[in-house]
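The values are calculated or read from the model by the stated rules, or taken from the named source; none is laboratory data. Being a predicted model, the structure only gives us computed values, none of them experimental. Cβ coordinates were reconstructed from backbone atoms using ideal geometry, including for glycine residues, and neighbour counts include every protein chain displayed.
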Amino acid sequence: MTKTVVLLAGVILFVVGIGASYAEWGSGGQPWGQLLTDNFLFARSLPFTIGLGIAVGFWRASGWRWGTEQKGQQLRRFAPSTVWLHALAGIALVALIATGGWQYLKGLLAADSPIYMGTVYRVHYLAGTLLIFVTVAFLTDWLLRGERSLTIGNGQFIRSMRGLAHELPKPLGTIIGYTLGLDLRRAPPHTEEFTYYERTISFPLWELSVGLIILTGVIKAMRYVYPIPGDLLYWVSAVHVGAGVLLGLKLLDHLRYVLAPSRWPLMAAIATGWIPIRYVERFHPGWYAQITAAPTTAAPVPTVPASSRAATSAGGGS
């Protein structure tokens, strides 16, 4: 009941806040153009967007099922809410990269745009709002549950680096092993719910790029609400552009990684939430060992306690 009340309160406050902002805009009280109006609405709606994300994250964490569901020969890898939040994040990222790139190229080339730039900026603000909501929802959920399956973990750095060295192409893995003094003649540690590449490189880069793009984007949007020194705004804009480039490169790397034929079942998992048990046994033996360490319950859809917690990644659908 508590989680439902919190979620409803978050939705109501978000709708009321957005409605009040648009009512003021529709009244004609401010003689602003579309671009300035959209910028102001984006900045003014941020507290309500963040509040809704916190409410959704609390709702996810409060109703979490601690265990791994099994249905026939399928294991649940992602919760239903993770599937749709991941989809929303993907839509937001593609829209942000496309519209942000369009703005940058137009200014760089000093060319006329065949698309009305007010529309480009409006889509950019809407995508930014969506990305902030999804990010806050995931962060709230992970913090409340203490979720660490996409991180290296305390005391696991050397083990993770050795696993990463074995997963990377041999020249790169050899460099890492030599630099850190790792014995690569030893058998690699078993892959758990997420690969060592995801936990040591892929997800940290997602955190960095998304965090920078949100932080700098919010500061840029606030310049019409609070006075921001021009020099600071210049460097914030430069970091924003760099973060956008990093975000685009990270998206390409993510597609390269998950579109490999050996990982197609993982692509299906982020759309359905389920993954074949045989695939887990073959490619994620560490996770499989955790799942099979305890007896399966006799429920129609059994829940097997596991130390790892499936269905936790927004950008780690691989």
Checklist entry - Among all residue pairs at least 6 apart or on different chains, which show Cβ distances below 9 Å where the first residue, located in segment 101-115, is surrounded by 11 or more Cβ atoms within 10 Å (Cβ to Cβ) and the second is acidic (Asp, Glu)? => result LYS106/ASP112
Item to check | Candidates GLU207, GLU192 - the one that is over 24 Å from ILE50 (Cα atoms) and acidic (Asp, Glu) | outcome: GLU192
Item to check | Of all residues making up segment 141-195, the number that are among the β-branched types (Val, Ile, Thr) and over 23 Å from PHE78 (Cα atoms) | outcome: 5
Item to check | segment 116-165: number of residues that are free of Cβ contacts under 8 Å to residues at least 12 places away in the same chain and of a type in the set (D, E, K, R) | outcome: 1
Next on the checklist: For the structure I just gave you, tell me whether ALA165 is part of a helix (DSSP H, G or I), under 30 Å from ILE270 (Cα atoms) and out of contact with any Asp or Glu (no Cβ under 9 Å at 6 or more places or on another chain).
Outcome noted: yes
Item to check | Total residues in segment 104-150, condition of a type outside the set (Gly, Ala, Ser) and within 13 Å of ARG60 (Cα to Cα) | outcome: 11
Checklist entry - in contact (Cβ under 8 Å) with a residue 12 or more places away in the chain and farther than 30 Å from LEU35 by Cβ - does that describe any residue in segment 227-235? => result no
Checklist entry - Is there a residue being over 14 Å from the mean Cα position of the chain (by Cα) and part of a helix (DSSP H, G or I) anywhere in segment 71-80? => result yes
Checklist entry - When both residues are 6+ apart or on different chains and their Cβ atoms are under 9 Å apart, which pairs have a first residue that lies in segment 16-35 and is within 17 Å of TYR121 (Cα to Cα) and among the basic types (Lys, Arg), and a second that is part of a helix (DSSP H, G or I) and at pLDDT below 65? => result none
Item to check | Leading residue by the ranking (farthest from the chain's Cα centre (by Cα)) among those in segment 169-228 that are in a helix (DSSP H, G or I) and loosely packed, with under 14 Cβ neighbours inside 10 Å | outcome: TYR178
Next on the checklist: Here is a list: GLY90, GLY72, GLY53. Which entry is within 27 Å of MET267 (Cα to Cα), buried (at least 17 other Cβ atoms within 10 Å of the Cβ) and without any contact (Cβ under 8 Å) to a residue 24 or more places away in the chain?
Outcome noted: GLY90
